[in-house]
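Below is one structure; the comments refer to it alone.
The numbers here are math on the coordinates, done by the rules we state, and not lab data. For clarity, every value in this text was computed on a predicted model and none was experimentally measured. All Cβ positions, glycine included, derive from the backbone under ideal geometry; neighbour counts span all protein chains shown.
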Amino acid sequence: MLGWRLTISAILIPTLLLLFRWDASLGKGAPVLLVMALLLTIRGSYEMCHLLQTRNFRPSFEVTAACNVTVLLAAWAHARMTGVPDGRLGLLVSLGLIAAALFASLLVLLLLEACRYRKPGQSMESLSANLLTVVYAGGLLAVLAQFRWFPGEALGYFAIGSVIISVKSGDVMAYTFGRLWGKRKMVPTLSPGKTWMGGMGAIVGSCLGAWLWLSFGGRLFAASPVVTSLECVFAYGATMGVVGLIGDLCESLIKRDCEKKDSAQLLPGFGGLLDLLDSPLFAAPVALAWWALWPPAM
């Protein structure tokens, strides 16, 4: 199973980086990334609705997918607007547009439950399920996509690569450490496979992945960014390792409470798309704040 995970990671990550390089050559509008994000949010909406179809939950795939597409389009709107500044001010404008789309989605979901209401005991549960689907599979993905333009257009894919490579390196190393040396369970009732040694592996792997990418990955980009300091790089990597691990546990919370093992059966050994994206999605807001306050490379 470890070999299979390493093989899939060795295929997916370089493929993703090639798509990033292609998209970077097409300009600020990021059409390739937009198509990817739309496909991911639609698939993520489907998996979340499938997970949450239990007890009194009545999630609507069609409505949540439409809301998530709206949220993603809002995340791209500032790239088409004139007079929007770059840097932190541009990021605030884009986050404001995403928030507006999320508020609009809440109104739509409330209206949906008002139209579907027949008897007490289902509406608030279904509203919660739908809103969770929109925020998790749409909102967090929209925040992750902001790295395309922040900290700058020339550094966008370098920054987003740091998030993905850090957390995925942590995932692989957590699995390796856990399988080889893991004995003490971390949270057995929530995620029986997680061990404290695996958690240590997540931090080690994320630090290593962050250092390798931030130190040498800049050569792939015209801007040729370099690390600001090793202290910042390793602190960033360790934080991504911890946050990525928490993201994995939070997705386990959704699955366990819904009595499901995986979000779907998309890839053997990985589960569904949400099982692949759980760590990057959860890490995205933290990483974005880190790059705004203490950028590990410039």
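Structure summary
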{"quantity": "Among (1) 13.7; (2) 20.9; (3) 15.4, the entry that matches mean projected area of the Cα convex hull in nm² as calculated here", "calculated": "(3)"}
{"quantity": "Relative contact order, percent, the chain [alpha-carbon distance under 8 Å, six or more residues apart]", "calculated": "19 percent"}
{"quantity": "Helix-derived mean residue ellipticity, 222 nm - over the chain, DSSP H n ≥ 4, -39500 (n - 2.57), to 500", "calculated": "-24000 deg cm²/dmol"}
{"quantity": "Cβ-defined net charge surrounding Ala65, 14 Å radius [Lys, Arg +1; Asp, Glu -1]", "calculated": "-1"}
{"quantity": "For Val187, residues with placed amide H under 5 Å, excluding near neighbours", "calculated": "Lys194"}
{"quantity": "Protection proxy ranking, peptides 152-162, 94-104, 237-247, 13-23, average beta carbon neighbours within 10 Å, highest first", "calculated": "237-247, 152-162, 94-104, 13-23"}
{"quantity": "Alpha-carbon centroid distance for the pair segment 228-281 / segment 46-72, whole angstrom", "calculated": "20 Å"}
{"quantity": "Mean Cα-pair separation over length for segment 28-151, i.e. relative contact order, pairs under 8 Å, 6 or more apart, %", "calculated": "39 percent"}
{"quantity": "Net charge over other residues, Cβ less than 13 angstrom from the Cβ of Glu125 (K, R count +1; D, E count -1)", "calculated": "+2"}
